[in-house]
Each structure stands twice: as structure tokens, then as C-alpha cells.
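**Q** Here it is, the structure in full.
The values are calculated or read from the model by the stated rules, or taken from the named source; none is laboratory data. Just so we're clear, the structure is a prediction, and the values are computed from it rather than from any experiment. Cβ sites come from the backbone with ideal geometry, for glycine too, and all protein chains shown count toward neighbours.
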Amino acid sequence: MTSANLLPCDGCGQAASAEHIARRLKRLEWTTRFRPVHIQTLFLGASSPQENGEFLYSPESVFQGEAAALLDVAGIGLPGKTAEAVHVEFQRRGYFLTHVLECPLERETKSSPAIADLLERRAGAVASRIRRSLKPKRVALLGAAMETFARKWMNGELGCPLLLDEGKPYSPEGASSQASVAHLRAALQMPLPVP
């Protein structure tokens, strides 16, 4: 089946097959279950990870990649806890993770220009969702791909403060993540803004 016959996914803008939609709905179900009523800190990344073990809200107890890095930043220990217990602890702290592209990248969109185009096309919808639906007290941008959004949203377009690491998104994963993780932990300890 060619992508010309497929409609764009409402969560990421990519051409969506039946499998793509089924995976999106499953992940949406997992995520919605642990969305805090009042979001204190919204963590916003570029695109949802490919593997379920790296997807924070997966019911699997294997937290790797992005999920493990974010739980480390939040100070949530994993030993002896079920996936659900970890999710509930993250939720109780008022933390919520989402992505500009809510679905993993398909093979044909893994090039940098294609990703940048998808991110740019979703920017307005994501900003509206943050302001109107999620309504967090603050937003922490994650990953280098979010740098464009840091510059774009510094003017208060989200309706809440933007947490940045010296003007750039935090990088909790990778070789140079140690300093960024420490900075994000410190930012999370700061008092929340008073409305």
C-alpha cells in the first residue's frame, strides 16, 4: 500500500496505515490512564520512541532509553516496583510526558528534513493543546530536535513558563547528559509559578 492512499495521522501527521493507527490508539490508552488531573510539569519531546520499552507509559516493566532517563531525572527508583507503581508515582508528582509527534517515526520520515517539516506542521496544534487542554504549570523541552520550539515559545505562547537548560532543551539521554540531568533536576525543585 502506498502512502498516497493513506490519510495523515492526527497525532503525528505521518501517513497512517491501519497498524499505525492501532499502535497510536494503544499508546494513547496507556498514556491517558496516568495523566495527572493537574499537570505540574509537562515534559515535551520531539517524537515518541519506537520501542515500547522506551515509551514511558508502556505496561512493560522494562524502562529503557527515554523512559529510564526521565525516571532518573524525576528521582523515581525502579527496583522492586511494577510498571504501574512507577507510573502512579510519576503521575502523583504531577509529571506528564508527551511528544510533538505522538507516534514513532515511520521509515520514510526518518530523514532530518522530513522530521523538521512534521515538527513544524504540528507546532501550532501542540501549543494549542498545551494551553487549552493540558494546562501545565510549566513545560520542560527535551532533546535537540526541540531547539526550534525553545526559540519560538520563549515569548509565552504556551501560557506557562518554559524550562530550558541555558536557553536550550534539556538532553537527559546520551554521552553529554550528566550536566543536563543535574540542571533539570534542579529546575524541578524550584517552586511552581503562582497563577
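**Q** Among (1) surrounded by fewer than 18 Cβ atoms within 10 Å (Cβ to Cβ); (2) touching a helix residue (DSSP H, G or I) at 6+ places or on another chain (Cβ under 6 Å), there is one condition Ala125 misses while meeting the rest; what is its number?
**A** Single failed check for Ala125: (2).
**Q** Go through the stretch 73-84 and count every residue that is in contact (Cβ under 8 Å) with a residue 24 or more places away in the chain and over 15 Å from the mean Cα position of the chain (by Cα).
**A** Within the stretch 73-84, the subset in contact (Cβ under 8 Å) with a residue 24 or more places away in the chain is 73-75, 83-84.
With over 15 Å from the mean Cα position of the chain (by Cα) added as a condition, the list becomes 75, 83-84.
Looking only at that region, the number is 3.
**Q** Sticking with this structure for a sec: Could you check, for the stretch 85-101, whether at least one of its residues is in contact (Cβ under 8 Å) with a residue 60 or more places away in the chain and in a helix (DSSP H, G or I)?
**A** Looking through the stretch 85-101, none of the residues is in contact (Cβ under 8 Å) with a residue 60 or more places away in the chain and in a helix (DSSP H, G or I).
A quick yes/no check of all residues on (1) surrounded by 20 or more Cβ atoms within 10 Å (Cβ to Cβ); (2) within 16 Å of the chain's Cα centre (by Cα):
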| site | (1), (2) |
| --- | --- |
| Ala140 | yes, yes |
| Thr148 | no, yes |
| Arg151 | no, no |
| Asn155 | no, no |
| Pro169 | yes, yes |
| Ala179 | no, no |
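**Q** With respect to Ala4, is the statement that it is at pLDDT below 90, among the aliphatic types (A, V, I, L, M) and not in a loop (DSSP other than H, G, I, E, B) true? It would help to see each step written out before you state the result.
**A** Values: at pLDDT below 90: yes; among the aliphatic types (A, V, I, L, M): yes; not in a loop (DSSP other than H, G, I, E, B): yes.
The answer is yes for Ala4.
**Q** Scan Glu106, Glu157, Glu147 and give me the residue that is in contact with a strand residue (DSSP E or B) (Cβ under 8 Å, 6 or more places away or on another chain), acidic (Asp, Glu) and in contact (Cβ under 8 Å) with a residue 24 or more places away in the chain.
**A** Working: Glu157 fails: in contact with a strand residue (DSSP E or B) (Cβ under 8 Å, 6 or more places away or on another chain); Glu147 fails: in contact (Cβ under 8 Å) with a residue 24 or more places away in the chain.
After applying the criteria, what remains is Glu106.
**Q** Could you check, for the stretch 63-78, whether at least one of its residues is farther than 22 Å from Ala16 by Cβ, out of contact with any helix residue (DSSP H, G or I) (no Cβ under 6 Å at 6 or more places or on another chain), of a type outside the set (A, V, I, L, M, F, W, C) and buried (at least 20 other Cβ atoms within 10 Å of the Cβ)?
**A** The answer is no, given that none of the residues of the stretch 63-78 is farther than 22 Å from Ala16 by Cβ, out of contact with any helix residue (DSSP H, G or I) (no Cβ under 6 Å at 6 or more places or on another chain), of a type outside the set (A, V, I, L, M, F, W, C) and buried (at least 20 other Cβ atoms within 10 Å of the Cβ).
**Q** Next question, about the same structure. Kindly check whether there is at least one residue in the stretch 131-143 that is modelled with pLDDT under 90 and not in a strand (DSSP E or B). So that I can check it myself, show each step before the final result.
**A** Within the stretch 131-143, the first condition is being modelled with pLDDT under 90, and the residues that meet it are none.
Among the residues of the stretch 131-143, not one is modelled with pLDDT under 90 and not in a strand (DSSP E or B), which makes the answer no.
**Q** Of the numbered conditions (1) modelled with pLDDT under 90; (2) assigned to a loop (DSSP other than H, G, I, E, B); (3) buried (at least 20 other Cβ atoms within 10 Å of the Cβ), Cys160 satisfies every one except a single condition; which is it?
**A** Going through (1) modelled with pLDDT under 90; (2) assigned to a loop (DSSP other than H, G, I, E, B); (3) buried (at least 20 other Cβ atoms within 10 Å of the Cβ) one by one, Cys160 breaks only (1).
**Q** Output yes when any residue across the stretch 33-40 is surrounded by 14 or more Cβ atoms within 10 Å (Cβ to Cβ) and part of a helix (DSSP H, G or I), and no when none is.
**A** no
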